[in-house]
Amino acid sequence: MKNIKSSWYNQTVCKLVEYRFILLLILPGLIFFAIFSYVPMYGAQLAFKEYIVSEGIWGSPFVGWQNFKYAMSDQQFWLSCRNTLIISFSRLLFVFPIPIVLSLLLNELTNGPFKRVLQTVFTFPHFLSWVVVGGIMVNMLNSNGAVNNLIAVLGGERQQFLASAEGFRPILYLTDAWKESGWSCIIYLAAITGISPEYYEAATVDGANRFHKIWYITLPSIASTIVVLLILSIGNIMNGGFDQIFNLYNPAVYETGDIIDTYIYRTTFQTGGDLGISTAVGLFKSVINLVLLTLTNSASKRFTGNGLY
């Protein structure tokens, strides 16, 4: 037994030495998640306490499930949950496929310089913060903005786009697609470049056209990448996109635009709510995300053979 343990220890040390540079590459990521994802879990206990500043987190009195009961008795909480689910699933339906289609179209371009220019143009919006994008959209869509001025010139009536509860969600989907699709399609393009050219050459010999090659070679070859990103998106379903919505919404669209994160922000910082209640809502959201991620991953492995773990 002692020899077995010694052998295992030596093999482990050899592996660590052999892959030391790879381990150094992932070290910054591990440190990032440790600081911003695991250390903050210390504060999750506030969900079961009534926070008192003078007592601190540990000294605050334990109240059990009281914070959860209070939040779930609030009609605005359930409205924000409904909006979060509708907005997130609509993103999956309308926005998620766009990077896939975009990557397939870019892959079909044979003009190298033009392709690189398009990739740069499509990727650039990702590096703009939602504060900047929100300011652009507000200036374009307000009553005296460029869009309403064009409508007025064409003889139409000016519209209150950002104050319309019915039109707010489509604006979210359009701006999200414009900002993030180019960046997301890079992942699919990287997966496409890993496909052996021999498959396409054989398909050409068999008389396949471009559409056939996309449908029978490209899409099946990147299916595992699509599945992994879909699982991650579903696991993030309760995060409706705080940065985007916070910079675009207003009280007129709370009915359709208020999500869990904006509800937490308002109840915590604008109405002077209890931090215990806000933490309880945040913990509730995280648990739902974890359950959805686990179920989706299990279903994916069962039906497609692909998953995160």
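Of the residues GLY276, GLY307, the single one that is farther than 28 Å from ASP74 by Cα and either touching a residue at least 24 places away in the same chain (Cβ under 8 Å) or surrounded by 14 or more Cβ atoms within 10 Å (Cβ to Cβ) (or both) is GLY307.
Where helices (runs of 4 or more DSSP H) sit wholly within segment 222-278, those with at least 2 residues that are over 25 Å from LEU141 (Cα atoms) and among the hydroxyl-bearing types (Ser, Thr, Tyr) occupy 223-235. Filtered by the rule that a residue be over 19 Å from the mean Cα position of the chain (by Cα) and in contact (Cβ under 8 Å) with a residue 60 or more places away in the chain, segment 238-253 gives ASN250, ALA252, VAL253.
Restricting segment 151-189 to residues that are at pLDDT 90 or above and surrounded by fewer than 14 Cβ atoms within 10 Å (Cβ to Cβ) leaves a set whose member that is nearest to PHE96 (Cα to Cα) is LEU174. Filtering segment 180-214 down to residues that are hydrophobic (A, V, I, L, M, F, W, C) and more than 27 Å from the chain's Cα centre (by Cα), which residue is nearest to ASP261 (Cα to Cα)? In this case the residue turns out to be PHE211.
Residues that are closer than 30 Å to TYR254 by Cβ and among the aromatic types (Phe, Trp, Tyr) are absent from segment 104-116. Considering every residue within segment 222-238, establish whether at least one is modelled with pLDDT under 90, of a type in the set (A, V, I, L, M, F, W, C), touching a helix residue (DSSP H, G or I) at 6+ places or on another chain (Cβ under 7 Å) and farther than 21 Å from PRO99 by Cα. Looking for residues that are modelled with pLDDT under 90, of a type in the set (A, V, I, L, M, F, W, C), touching a helix residue (DSSP H, G or I) at 6+ places or on another chain (Cβ under 7 Å) and farther than 21 Å from PRO99 by Cα, one finds at least one in segment 222-238, hence yes.
Name the residue that is surrounded by the fewest Cβ atoms within 10 Å (Cβ to Cβ), counting only residues in segment 252-273 that are charged (D, E, K, R) and at pLDDT 90 or above.
GLU255
Against the test of being within 16 Å of THR279 (Cα to Cα), in a helix (DSSP H, G or I) and in contact (Cβ under 8 Å) with a residue 24 or more places away in the chain, the options TYR70, TYR51 yield a single qualifying residue, TYR70. Screening the candidates PHE62, PHE21 for the property of being exposed (fewer than 10 other Cβ atoms within 10 Å of the Cβ), at pLDDT 85 or above and in contact with a Lys or Arg (Cβ under 9 Å, 6 or more places away or on another chain) yields one hit, PHE62.
Quick check: anything in segment 169-192 more than 23 Å from GLN119 (Cα to Cα) and of a type outside the set (Lys, Arg)? Write out each step before concluding.
Initial filter on segment 169-192 (more than 23 Å from GLN119 (Cα to Cα)): 169-171.
Retained after the next criterion (residues that are of a type outside the set (Lys, Arg)): 170-171.
Yes, the conditions are met somewhere in segment 169-192.
Condition (residue is outside any helix (DSSP H, G or I), of a type outside the set (Ser, Thr, Tyr) and in contact with a helix residue (DSSP H, G or I) (Cβ under 6 Å, 6 or more places away or on another chain)) applied to segment 176-186: is it met by at least one residue? No, segment 176-186 has no match at all. Considering the conditions (1) over 24 Å from SER300 (Cβ atoms); (2) in contact with a helix residue (DSSP H, G or I) (Cβ under 6 Å, 6 or more places away or on another chain), ILE171 is excluded by exactly one of them, (2).
When GLU198, GLU166 are screened for being farther than 27 Å from ASN144 by Cα, of a type in the set (Asp, Glu) and in a helix (DSSP H, G or I), only GLU198 passes.
Taken over segment 36-57, the criterion of being exposed (fewer than 13 other Cβ atoms within 10 Å of the Cβ) and under 18 Å from LEU283 (Cα atoms) is satisfied by PHE36, SER37, TYR38, VAL39, PRO40, MET41, TYR42.
Would you check which residues across segment 174-184 are in contact with a Leu (Cβ under 9 Å, 6 or more places away or on another chain) and farther than 12 Å from MET137 by Cβ and list them? Scanning segment 174-184 gives SER181, GLY182, SER184.
Check segment 294-308 and report whether any residue there is within 28 Å of ILE52 (Cα to Cα) and out of contact with any Pro (no Cβ under 6 Å at 6 or more places or on another chain). No, segment 294-308 contains no residue that is within 28 Å of ILE52 (Cα to Cα) and out of contact with any Pro (no Cβ under 6 Å at 6 or more places or on another chain).
The values are calculated or read from the model by the stated rules, or taken from the named source; none is laboratory data. Owing to the predicted nature of the structure, the values given are computational and were not obtained by experimental measurement. When we count neighbours, we look across all protein chains shown, and the Cβ atoms used for this are built from the backbone with ideal geometry, even at glycine.
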